């Protein structure tokens, strides 16, 4: 029985990887996307960061604002990559690719998980950009290999979460125009209702409650603890990753039920 379960798990992983590899291959053939994605974090750190660092009381007293901001901008960059990922599913439906996925023997959850993982891989390029830029700006980056590995895992899981959320939206609205409108409406509230660019202590009580229900808050908390020297997680890494993994699994389950209906 154990051998059968292991064989099923290997087959499931292979099916999910097949979908992920196809998505990653698109990125290999379009390296210009990496360059365009680099513009946003550069603007936020160089323009927004350099202005806000002059404002007193924005950052916690024990850390420079640029250090505080760098992890938030990394999370924001990954969010922006992932949140519009669902539009690819709409394109695939219109081109007939989705129907070929659906008639394959792979479980719907494996298809969704593969797409989620590929979104995480795409977001890793943002980590390279932000790390290099933050280092050039004098941010106290931790280069501990274990910390870097934890940052990469947080990026992959966080991007998988928001890309799956994006896929759920795409499955519901089913048109590119509606998806783009809803995606733009959701992105800014998710970003600003988190601890990405200012600490929770500056927020009114109602916004703190919203922020603590926002998965991006926990991704930023994990990134900030592992990315910066001398920082620690406000909620604990176990809580951060527990929230991220738990919500991702929930979204994969929901998206798996909706994904099959999208092709019809």
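The values are calculated or read from the model by the stated rules, or taken from the named source; none is laboratory data. Keep in mind that what you see is a predicted model, and the values were worked out from it rather than measured. When we count neighbours, we look across all protein chains shown, and the Cβ atoms used for this are built from the backbone with ideal geometry, even at glycine.
Worth pointing out:
- Each residue in the range 211-229 was checked for being more than 24 Å from residue 145 (Cα to Cα) and in a loop (DSSP other than H, G, I, E, B), and 2 of them qualify.
- Each residue in the range 118-138 was checked for being over 13 Å from residue 81 (Cα atoms) and in contact with a helix residue (DSSP H, G or I) (Cβ under 7 Å, 6 or more places away or on another chain), and 5 pass.
- All conditions in (1) exposed (fewer than 15 other Cβ atoms within 10 Å of the Cβ); (2) in contact with a helix residue (DSSP H, G or I) (Cβ under 8 Å, 6 or more places away or on another chain); (3) over 19 Å from residue 74 (Cα atoms) hold for residue 246, with the sole exception of (2).
- On inspection, residue 208 fails the criterion of being in contact with a helix residue (DSSP H, G or I) (Cβ under 8 Å, 6 or more places away or on another chain), part of a helix (DSSP H, G or I) and buried (at least 19 other Cβ atoms within 10 Å of the Cβ).
- Qualifying position, being touching a residue at least 40 places away in the same chain (Cβ under 8 Å) and farther than 16 Å from residue 155 by Cα, among 255, 213, 234, 196: 255
- Inter-residue pairs, beta-carbon under 6 Å, first surrounded by fewer than 22 Cβ atoms within 10 Å (Cβ to Cβ) and in the range 118-140, second in a loop (DSSP other than H, G, I, E, B) and at pLDDT below 90, 6+ apart: 140/229
- When each of 61, 49 is tested for being at pLDDT below 80, buried (at least 17 other Cβ atoms within 10 Å of the Cβ) and over 22 Å from residue 112 (Cα atoms), the lone residue that passes is 49.
- If you check 34, 43 for being in a helix (DSSP H, G or I) and modelled with pLDDT of 80 or more, only one passes: 43.
- Test: residue in the range 167-183 that is part of a helix (DSSP H, G or I), under 16 Å from the mean Cα position of the chain (by Cα), without any contact (Cβ under 8 Å) to a residue 40 or more places away in the chain and buried (at least 16 other Cβ atoms within 10 Å of the Cβ): no
- Residue match in the range 234-242 (condition: at pLDDT 90 or above and in a loop (DSSP other than H, G, I, E, B)): yes
- Selected residue (criterion: surrounded by the most Cβ atoms within 10 Å (Cβ to Cβ)) from residues of the range 230-243 that are under 15 Å from the mean Cα position of the chain (by Cα) and within 13 Å of residue 151 (Cβ to Cβ): 240
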